[in-house]
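Below: the structure, in structure tokens.
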Amino acid sequence: MAIESDWGDWLPNAIADATPERIAVWYLGCNGFAMKASDGTTLFVDPYVGLGDPPRTTRMIPVPFNPEDIEEADAVLATHEHTDHVHGPSQAPILESTGADLYAPDDSLAVARDEEDWQADHDIDDDQFVEVSEGDTLEVGGFTIHVEDACDADATHPVSYVIEHEGQTVFHGGDTKPSDEFTRIGEEYEIDLGILAFGTVGTVPDKETGEPVRTRWYNDENQAIEAASDLQFDRFLPSHWDMWKGLTADPTVLHHHARGFEYPEALELVEIGDRVDL
């Protein structure tokens, strides 16, 4: 299904034209991010421009770009296999037009290769699918990417990413909740900007029956700050709070929860399309 952006091509152009001093990060809505290094290396993490599956999942924010308008990308990273993190209509056109590799854990690659069969409709080579697992370290242009643990009971094999360039470090946790591994990760890396999914508990119609089910897909306020504290974020950027009807949240409330802890040192509250520089 073709996806039509509400915004045209200005955001892909802004990313392509940017010349960051170190790392620039753009919030794409949901849990999607673009990251560009000072040497021009460009990553996309969990980019999703799908519309969900109304009325079960109803998108509450604009579609910020057409995947076909992405002309520069060195890699797409997927944190886990859920549709809003691995999605053919959002990501296959990027791989086809740019030659970027998809780095993802095994169950995420199974979606791309088998369940959705991206190669049936897109010119994607087998070697563009690269399997990663916890403990791996990747070099993509100017970025060094460490694959780390994540704790998401709703996913079959989630991972998180620690992304480094010129002394700056970004953590993307996917939809992780607090984990026993986070104290270790926080001590091992100096995380300048950390990204965690945040949302409310709401009711979502069951896939089979359509009956409303009490659902917690993302961190609540206390979980978000617990994870950010254990990971020792300098700056905490909450994501995903804007996306699904019934699960949206107000990230400003995190100020009240964070002020009693040493970390995170600051909250970085952004809206879809915003840029953050490190």
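The values are calculated or read from the model by the stated rules, or taken from the named source; none is laboratory data. Everything quoted here is computed from the prediction, not taken from an experiment. All Cβ positions, even for glycine, are placed from backbone atoms using ideal geometry, and neighbour counts span all protein chains on display.
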remark   = In the set ALA224, ALA197, the lone residue that is small (Gly, Ala, Ser), surrounded by 16 or more Cβ atoms within 10 Å (Cβ to Cβ) and in a strand (DSSP E or B) is ALA197
query = Within region 145-154, which residues are surrounded by fewer than 21 Cβ atoms within 10 Å (Cβ to Cβ) and in a loop (DSSP other than H, G, I, E, B)?
reply = CYS151, ALA153, ASP154
key: Test: residue in region 157-165 that is acidic (Asp, Glu) and either touching a Lys or Arg at 6+ places or on another chain (Cβ under 7 Å) or within 28 Å of ASP53 (Cβ to Cβ) (or both)   = no
task = Kindly indicate whether ILE94 is aliphatic (A, V, I, L, M), in contact (Cβ under 8 Å) with a residue 12 or more places away in the chain and surrounded by fewer than 18 Cβ atoms within 10 Å (Cβ to Cβ).
result = no
ask   = From the residues in region 165-182 that are charged (D, E, K, R) and either crowded, with 20+ Cβ neighbours inside 10 Å or touching a residue at least 60 places away in the same chain (Cβ under 8 Å) (or both), which one is nearest to LEU77 (Cα to Cα)?
value = ASP175
inquiry  = Within region 233-241, does at least one residue satisfy the condition of being in contact with a Gly (Cβ under 9 Å, 6 or more places away or on another chain), crowded, with 19+ Cβ neighbours inside 10 Å, under 20 Å from TYR161 (Cβ atoms) and among the acidic types (Asp, Glu)?
reply    = no
inquiry  = Give me the residue from region 158-177 that is touching an Asp or Glu at 6+ places or on another chain (Cβ under 7 Å) and not in a strand (DSSP E or B) and, out of that set, farthest from ILE225 (Cα to Cα).
reply    = PRO158
ask   = Looking at ILE61, ILE15, which one is touching a residue at least 12 places away in the same chain (Cβ under 8 Å), of a type outside the set (Asp, Glu) and touching a Cys at 6+ places or on another chain (Cβ under 8 Å)?
value = ILE61
message = With the requirement that a residue be among the hydroxyl-bearing types (Ser, Thr, Tyr), closer than 20 Å to SER239 by Cα and more than 14 Å from the chain's Cα centre (by Cα), what does region 150-192 give you?
response = THR169, SER179
query = In region 183-228, which residues are touching a residue at least 40 places away in the same chain (Cβ under 8 Å), among the small types (Gly, Ala, Ser) and under 25 Å from VAL159 (Cβ atoms)?
reply = GLY186, GLY194, ALA197, GLY199, ALA227
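Check GLU68, GLU72, GLU139, GLU115 and return the single one that is within 25 Å of GLU188 (Cβ to Cβ) and surrounded by fewer than 18 Cβ atoms within 10 Å (Cβ to Cβ).
Values: GLU68 fails: within 25 Å of GLU188 (Cβ to Cβ); GLU72 fails: within 25 Å of GLU188 (Cβ to Cβ); GLU115 fails: within 25 Å of GLU188 (Cβ to Cβ).
Result: GLU139 is the single residue among GLU68, GLU72, GLU139, GLU115 that is within 25 Å of GLU188 (Cβ to Cβ) and surrounded by fewer than 18 Cβ atoms within 10 Å (Cβ to Cβ).
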request  = Please identify the pairs in which a residue from region 36-56 that is free of Cβ contacts under 8 Å to residues at least 24 places away in the same chain has its Cβ atom under 6 Å from the Cβ atom of a residue that is surrounded by fewer than 19 Cβ atoms within 10 Å (Cβ to Cβ) and hydrophobic (A, V, I, L, M, F, W, C), counting only partners at least 6 apart or on another chain.
outcome  = LYS36/ALA18
task = Note down all Cβ pairs under 6 Å where the first residue falls in region 249-270 and is touching a residue at least 40 places away in the same chain (Cβ under 8 Å) and of a type in the set (Asp, Glu), the second is surrounded by 17 or more Cβ atoms within 10 Å (Cβ to Cβ) and outside any loop (DSSP other than H, G, I, E, B), and they're at least six residues apart or on different chains.
result = GLU268/ARG235; GLU268/LEU237; GLU268/VAL276
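Report the residue count in region 18-56 for those that are of a type in the set (Val, Ile, Thr) and within 15 Å of the chain's Cα centre (by Cα).
4
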ask   = Which condition number in (1) crowded, with 16+ Cβ neighbours inside 10 Å; (2) more than 19 Å from ASP39 (Cβ to Cβ); (3) in contact (Cβ under 8 Å) with a residue 12 or more places away in the chain; (4) not acidic (Asp, Glu) is the one that THR83 fails?
value = (1)
query = What are the pairs, 6+ residues apart or on separate chains, where a residue within region 104-127 that is closer than 19 Å to HIS85 by Cβ and modelled with pLDDT of 95 or more has its Cβ under 6 Å from a residue that is among the polar types (S, T, N, Q) and surrounded by 12 or more Cβ atoms within 10 Å (Cβ to Cβ)?
reply = ASP107/THR156
